[in-house]
Amino acid sequence: MRVLGRRTIYLDEIRVVPGWESVLRRILDAHDTEVFISGSSAKPLSKEVHASLRGRSMEVLVHPFSFRETLRHSGDEPTEARARLGPDERAGIDAALRSYSTVGGFPEAQGIDVRDRLPLPKGFVDIMLLRDVIERHRVTNAEALRRLQRHLLSNPAGRSPSPSSTAT
């Protein structure tokens, strides 16, 4: 028998393939293989994996960059506390914070042109929220859900009108 050494397999959205758990289990049992599974949260993956792999798995939740991680990614993370920085360095941090408030912390949004960055949030919402909710809850009227989602996202932090102000 010829040994090829450790293998690494990357699988994305594998949950859409029926019977994937048993195939993956056979691969792990028969070979020196490391497997990374990624995907959206359309279905609860971690419970499926833990059950089928009987403790041979580890879940890692990936979050967007924090402001500090964004600075580190761009090579602009200060080495000292903000109070110890000079005026130019503080101004640079303030500008980076303003940029972070509009760009956000998604790694793919860092350093790309505004024109290319604008479609990202819509794509994130469509993929992570709408598709996941539609699939998980078997929503039959997807257009009504899209309209509700647009309304909720366009009114993020308003006060509810008082009952007396709505009566005419």
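For Lys47, the conditions (1) in a loop (DSSP other than H, G, I, E, B); (2) at pLDDT below 70 all hold with the exception of (1). Looking at segment 73-93, is at least one residue modelled with pLDDT of 85 or more, part of a helix (DSSP H, G or I), surrounded by 10 or more Cβ atoms within 10 Å (Cβ to Cβ) and β-branched (Val, Ile, Thr)? Within segment 73-93 (the criterion being modelled with pLDDT of 85 or more, part of a helix (DSSP H, G or I), surrounded by 10 or more Cβ atoms within 10 Å (Cβ to Cβ) and β-branched (Val, Ile, Thr)), the answer is yes, since at least one residue qualifies. Annotation note: Cβ proximity below 8 Å between a residue of segment 133-152 that is under 17 Å from Lys122 (Cα atoms) and part of a helix (DSSP H, G or I) and a residue that is modelled with pLDDT of 85 or more and not aliphatic (A, V, I, L, M) (sequence gap 6+ or interchain) occurs for no pair.
The values are calculated or read from the model by the stated rules, or taken from the named source; none is laboratory data. These figures come from a predicted structure and were not determined experimentally. Cβ atoms come from the backbone with ideal geometry, glycine included; neighbour counts cover every protein chain shown.
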